[in-house]
Amino acid sequence: MKSQTNNVDVLKWIDDVILMTKPANVIWIDGSDEQLTALREEACRTGEIRLLNQDKYPGCYYHRTKPNDVARMENRTLICSEKEIDAGPTNIWMKPSEAYKLGKKIFENSMMDRTMYIIPYSMGPVGSPFAKIGFEITDSIYVVLNMSIMTRVGQKILNVLGDSKDFVKGVHSKCNLDENNRYIFHFPEDNTIWSCNSAYGGNVLLGKKCFALRIASYQGLKENWMAEHMLILGIENPKGEVKYVTAAFPSACGKTNLAMLIPPEGYRSKGYKVWTVGDDIAWLRIREDGRLWAINPEAGFFGVAPGTNKKSNPNALTSTYKDTIFTNVAINLDDETVWWERLDNNPPENGLDWKGNPWNGKKSKEKGAHPNSRFTAPAKNCPSISPEWESPEGVPISAIIFGGRRAKTAPLVYQSRNWQHGVFVGSTMASETTAAATGKVGVVRRDPMAMLPFCGYHMGDYFGHWLEIGKKTPNPPKIFHVNWFRTNDKGGFIWPGYSENFRVIDWIIKRCENEVEAVESPIGFLPKAEDINLEGLDLTADKLNELLDIDKESWAKNIEGIEEFYSSFGERLPKELKQELEVLKNNFI
Ligand code: GTP
Ligand code: SPV
Ligand code: MN
């Protein structure tokens with residue numbers, strides 16, 4: 001098909017990729033419904049996707065990936081900067097010349113009997129001064145359909161790009177899905193991403209983690225902005241005023257759930273509301289008013305399915321009722337509907353599990369859905385979507401919240417003393433690993449700002465960039481840390497979580513508005529117990545105290561962990577953070 005752009009840099013690059021992969025056909029994605037409909041039909045014919053019950057799920061489809069290809073592969077994700085030191089100690093590095101050579105060998109002729117799709121896409125509202133343009137070349141219709149939900153695609157992007165050189169060049173091929181040749185190469189200095197032998201979202205939807213975090217974090221370093229693994233939400237008070245916060249939690253640690261939260265009844269009846277702006281990625285910039293403003297660069301949700309239900313996250317569930325793609329969940333063969341763990345108490349008896357094996361959910365001890373099974377739903381489906389979610393300038397941020405899964409150590413909530421201390425708090429975050437990436441689940445690891453797997457350059461420089469942004473922002477957001485996951489002696493969660501998290505957000509907003517005092521502690525400001533509203537909640541004051549407790553022994557261990565982690569950054573660890581560590585140590589003496 002004839003291209004709809006005269007951009008010579010785009011055309012030259014595409015010619016090179018065609019020469020390498022030798023597709024049988026080339027199709028430009030124009031963003032039209034007709035084209036997407038035709039592609040859906042074709043993918044249904046070949047079995048790549050499966051049409052679901054259209055009465056119950058209009059416009060919805062089902063897809064399965066190979067059992068060894070169901071999560072991000074961090075050990076196959078590379079940052080290929082010219083100098084090894086620039087990738088830093090937390091990334092896997094390969095020299096660009098070697099990576100290109102290896103990639104070329106794998107991509108060689110990989111599309112020979114396939115169609116190549118060229119997807120022009122925008123991260124951020126089309127034409128917004130915050131937005132950035134990318135291309136994904138892929139041989140997968142599943143990728144085209146997902147990218148059409150997760151980003152803005154088509155001819156309109158080419159029109160905005162014109163003959164600019166500012167675009168990200170992404171190439172993806174399923175090749176033969178060989179795990180041993182699976183790589184996700186990032187070339188931050190070339191605005192280039194090459195992904196091969198995978199079909200799992202985080203590895204192949206190149207606009208998401210690859211561009212909007214790894215490449216964009218590096219662009220932000222050079223261009224004075226930040227790309228972060230953060231949800232964005234608005235909290236409306238009874239007077240109709242809306243304050244916005246962002247929150248960085250590691251993968252599968254509650255961003256989607258917090259972003260779509262419905263306040264508890266006691267708040268709702270007073271007129272409090274929550275507005276969803278984004279659930280996974282935020283791009284933040286300093287604006288003329290001296291504040292940080294955030295946009296959600298995405299247009300959809302690639303959300304964790306298991307655990308999503310009418311009670312835990314009704315807004316997410318409603319978002320999936322139309323025009324959604326479900327991946328690696330269980331399917332009910334009686335009525336072509338989907339099911340996952342904790343959706344309801346009625347699993348299919350006549351179903352297929354995420355591996356495609358016959359599955360009786362009433363009898364089987366096996367899981368029906370993979371723990372990292374996902375839905376891809378358009379953001380506009382979400383009942384709580386903010387009227388501002390596509391605002392080209394973004395929304396002004398009052399607070400930044402860090403958090404993770406910590407059975408012990410981290411209290412329910414605390415506030416940093418200032419921006420520099422807040423950066424220290426974010427840089428020392430730790431969390432138990434989840435099924436979102438391959439590897440062991442439940443192991444505590446440092447995950448600074450929830451960016452460990454997503455920072456496209458040296459993490460020490462990234463901390464420095466955070467400090468720099470704080471210095472350049474006259475009125476920066478206040479920084480907090482939360483932990484919904486503290487457990488009791490029996491291993492159960494003490495805090496009820498989900499919609500009840502609003503009670504903590506309420507305290508955070510009150511702190512931003514100087515409406516409540518706080519208690520100084522060795523780690524920062526803690527809430528006074530009476531300032532966390534427990535009305536209507538079955539949680540005793542004793543339990544709240546347990547949730548806010550700072551245990552000296554586990555903090556001593558935590559400090560040891562921080563020292564060890566920090567030592568890996570050598571000279572690139574900002575001196576301000578070393579100072580903060582000394583302060584923390586002294587506070588415990
Ligand atoms: P990614 O899409 O991987 O970045 O994940 P996420 O951070 O958006 O996580 P998500 O909201 O999808 O939640 C992941 C898991 O954590 C789900 O199984 C949720 O049910 C669970 N979860 C979310 N919020 C809470 C909470 O407040 N308390 C408890 N106990 N579990 C929660
Ligand atoms: C995550 O793992 O943080 C996700 C899903 O949001 S993925 O797109 O696979 O990265
Ligand atoms: Mn994520």
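Some notes on this structure:
- In the context of the full protein assembly, M111 retains an accessible surface of approximately 0 Å², using a probe radius of 1.4 Å and ignoring ligands and nucleic acids.
- Per residue solvent-accessible surface (Å²) - the stretch 458-530, probe of 1.4 Å: 42
- A DSSP coil position with no more than 15 other Cβ atoms inside 10 Å describes the following GluC sites (Glu not before Pro) in the stretch 53-104: E82.
- The stretch 238-276: trypsin sites (Lys or Arg not before Pro) in DSSP loop, at most 10 other beta carbons within 10 Å: K239, K270
- Partner aspartates and glutamates for K22 [C-alpha distance under 20 Å; skip if fewer than 8 residues away on the same chain]: D9, E108, D113, E136, D139, D178
- What the stretch 1-102 shows is 54 Å² of accessible area per residue, with the surface traced by a 1.4 Å probe over protein heavy atoms.
- Between amide H atoms placed 1.01 Å from N, distances below 5 Å from A299 occur with T151, all of them 5 or more places distant or on a separate chain.
- Ranked from largest to smallest solvent-accessible area, with a 1.4 Å probe on the protein heavy atoms, K165, K209 come out as K165, K209.
- Accessible area (Å², 1.4 Å probe, nearest 10) - L78: 10
- Computed from backbone phi, the HN-Hα couplings of the stretch 401-406 come to 10, 9, x, x, 8, 10 Hz, rounded to whole numbers (Karplus: 6.51 cos²θ - 1.76 cosθ + 1.60, θ = phi - 60°; Gly and Pro given as x).
- Karplus 3J(HN,Hα) series, Hz, for the stretch 423-428 with 6.51 cos²θ - 1.76 cosθ + 1.60 (x for Gly, Pro): 5, 4, 4, x, 6, 9
- Note that the stretch 301-374 presents 44 Å² accessible area per residue, ligands and nucleic acids not counted, probe 1.4 Å.
- Only Lys, Arg, Asp and Glu carry charge here, each on its Cβ (+1 for the first two, -1 for the last two); on that basis the stretch 301-374 has a dipole of about 320 debye about its Cα centre.
- Percent carbon-and-sulfur accessible area, the chain, ignoring ligands, DNA and RNA, probe 1.4 Å: 49
- Relative contact order of the chain, pairs being alpha-carbon contacts under 8 Å that are 6 or more residues apart, as %: 15
- Probe 1.4 Å, all protein chains present, accessible-area order of L205, L19, largest first: L19, L205
- The trypsin sites (Lys or Arg not before Pro) of the stretch 486-577 that meet both conditions, a loop assignment by DSSP and at most 15 other Cβ atoms within 10 Å of the site Cβ, are K490, K528.
- DSSP assigns beta bridges within the chain; of those with both partners inside it, close to 65 percent run antiparallel.
The values are calculated or read from the model by the stated rules, or taken from the named source; none is laboratory data. Every value quoted in this text rests on a predicted model; they were computed, and no experiment measured them. In this analysis, Cβ positions are derived from the backbone assuming ideal geometry, glycine residues included, and neighbour counts consider all displayed protein chains. Keep in mind that these areas ignore ligands, DNA and RNA; they rest on the heavy atoms of the full protein, side chains included. Shrake-Rupley method; radii C 1.70, N 1.55, O 1.52, S 1.80 Å.
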